[in-house]
1. Within the stretch 139-152, restricting attention to residues that are crowded, with 16+ Cβ neighbours inside 10 Å and touching a helix residue (DSSP H, G or I) at 6+ places or on another chain (Cβ under 9 Å), which residue is modelled with the lowest pLDDT?
2. Specify which of the listed residues (166, 174) is of a type outside the set (Ser, Thr, Tyr), more than 30 Å from residue 82 (Cβ to Cβ) and at pLDDT below 95.
3. Within the stretch 22-32, is even one residue in contact with a Leu (Cβ under 6 Å, 6 or more places away or on another chain), assigned to a helix (DSSP H, G or I) and polar (S, T, N, Q)?
4. Would you mention how many residues in the stretch 234-271 are touching a residue at least 60 places away in the same chain (Cβ under 8 Å), of a type in the set (A, V, I, L, M) and out of contact with any Lys or Arg (no Cβ under 8 Å at 6 or more places or on another chain)?
5. Do any residues in the stretch 30-42 that are over 13 Å from residue 69 (Cα atoms) have Cβ atoms under 9 Å from those of residues that are surrounded by 13 or more Cβ atoms within 10 Å (Cβ to Cβ), where the two are at least six apart or on different chains, and which pairs are they?
6. Checking residue 284 against (1) of a type in the set (Val, Ile, Thr); (2) surrounded by fewer than 19 Cβ atoms within 10 Å (Cβ to Cβ); (3) within 30 Å of residue 171 (Cβ to Cβ); (4) touching a helix residue (DSSP H, G or I) at 6+ places or on another chain (Cβ under 9 Å), only one condition comes out false. Which one?
7. Working only within the stretch 265-280, note down all residues that are farther than 20 Å from residue 35 by Cβ and more than 14 Å from the chain's Cα centre (by Cα).
8. Starting from residues that are without any contact (Cβ under 8 Å) to a residue 60 or more places away in the chain and either in contact with a Ser or Thr (Cβ under 6 Å, 6 or more places away or on another chain) or among the basic types (Lys, Arg) (or both), keep the ones in the stretch 1-29 and report whichever is nearest to residue 257 (Cα to Cα).
Amino acid sequence: MKKKWYKQPTLVLGLAFIIIVLVASFIHSIFFDTYVAKTEYFYNEQNKLVGPPLAPFDHSIFGTDLNGNHLVYYILQGAKFTILGALSIALVSFVLAMLIGIPLGFRYKGKTRFVENSISFLYFIPASLIAYIFLRPLLIEPMGGFPTSLSYRISVEVLVIGILLAMPAAILLANETSVLLKKEFVISSRVLGGRPYHIFRHHLIPHMKGTMLTLLTTLTIQAILVMTHLGVFELYFGGTNIAYGGSDPPLPITYDWASLIGMYYYTLQTTVHWLIGIPLIFLVLFILSLIGIEYGIKKCITID
C-alpha cells in the first residue's frame, strides 16, 4: 500500500485539500494572530461609495458579511477546529465502538439484541438534540464569562458527541463480528484452539478493514452534521459568546465552518446567500475529501 497510495487520485486530492487547508489555518493563527480584515466603506472605480455586505470577488475573494468582515479569514480561522474537531469526535466514537462492539459480538451474542433494544432510542431521537441538552450549560457563556477554558469545553464536547455516536456504531460492529464468527474458517480456527485475540487479529481485522474504514468516514460525517445542527441552534463549537446588555447577536469563539452556518443562518431569506454558501461549500469539500480518501484506501487494500 505504501508504494501504491500515490497512484490513487481521490486519495491524493482528498489528503491534499485537508493538509493545505490545515496548514493555512495554522499559519493564519500562529503568524497572523487570527487577524480578520474588515472593510466598512470605500469608493469603487466609478467613484461611488460602497459598503458591506460585499459579494465574493467584489472586494474580497469570499466576500464580506454585513459588518464588513472578510469571510476568507473566518474560513481560515475555523478550518483547524472544523477538521480536527470532526476527526476527534469520529476517533473517540470509533474507539468506543470497537471497545464495546467487538467484545459484545464475541462473548455476549445472546445479549446483543437486548443491548440493541436498550439503545434503540438513539435511532429515533436525533443525537443533535441530546447533545444540545447536555452541552448547553457548558457552551453558553454566562454573564460573568466562561469559568472554563476553551480546551476543556472542546474536550467535553468531543467526548459527549463521541459517546452519542458510538452506541449505534458499537451495535453495527457487534453484528458484523457475530456474522464473521459464524464463518467456517473462523469456526475451524476456534476448534483448533484459536483464542479470541488471535481470531480478532488474523481473521476479523482482515475481513473488517473495509467496514471499519467506512464506519470511520461515516462517523466523521455524522460529527459534522451534529456540529452544524448545534450551530443552527447557536450552540457553537467551543462555546457561544453572548454580549449581555448589547445588541450584538451570539458569536462563535472558534469560527468553525459549522458555526459559521449557524451564525449566518438568518441570511437565508436575504440576498446575502454567500455567507452560508461559502462555509457550506467548504464542508462539502471536506466530506468529499473524506469519501475520496476512503475510496482510495479501499482501492489500495484491494490491490494488495
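The values are calculated or read from the model by the stated rules, or taken from the named source; none is laboratory data. None of these values were measured; they are calculated from a predicted model. Cβ: placed from backbone, ideal geometry, glycine included. Neighbour counts: every protein chain shown.
1. Taking the stretch 139-152 first, the residues crowded, with 16+ Cβ neighbours inside 10 Å are 139-141, 146.
Checking which are touching a helix residue (DSSP H, G or I) at 6+ places or on another chain (Cβ under 9 Å) leaves us with 139, 146.
Working: 139: 95, 146: 92.
Checking each candidate, the answer is 146.
2. On the way: 166 fails: more than 30 Å from residue 82 (Cβ to Cβ).
Being of a type outside the set (Ser, Thr, Tyr), more than 30 Å from residue 82 (Cβ to Cβ) and at pLDDT below 95 holds for just one of 166, 174, which is 174.
3. Checked against the condition, which is being in contact with a Leu (Cβ under 6 Å, 6 or more places away or on another chain), assigned to a helix (DSSP H, G or I) and polar (S, T, N, Q), the stretch 22-32 yields at least one hit.
4. 4
5. 32/73; 32/76; 42/50; 42/59
6. Single failed check for residue 284: (4).
7. Kept after step one, since they are farther than 20 Å from residue 35 by Cβ, are these residues of the stretch 265-280: 265-274, 276-277, 280.
Correct list: 265, 266, 267, 268, 269, 270, 271, 272, 273, 274, 276, 277.
8. Pass one, the stretch 1-29, residues without any contact (Cβ under 8 Å) to a residue 60 or more places away in the chain: 2-3, 6-7, 16, 19-20, 23-29.
From what is left, the residues that are either in contact with a Ser or Thr (Cβ under 6 Å, 6 or more places away or on another chain) or among the basic types (Lys, Arg) (or both) are 2-3, 7.
On the way: 2: 32, 3: 34, 7: 31 Å.
Restricting to residues being without any contact (Cβ under 8 Å) to a residue 60 or more places away in the chain and either in contact with a Ser or Thr (Cβ under 6 Å, 6 or more places away or on another chain) or among the basic types (Lys, Arg) (or both), the top hit is 7.
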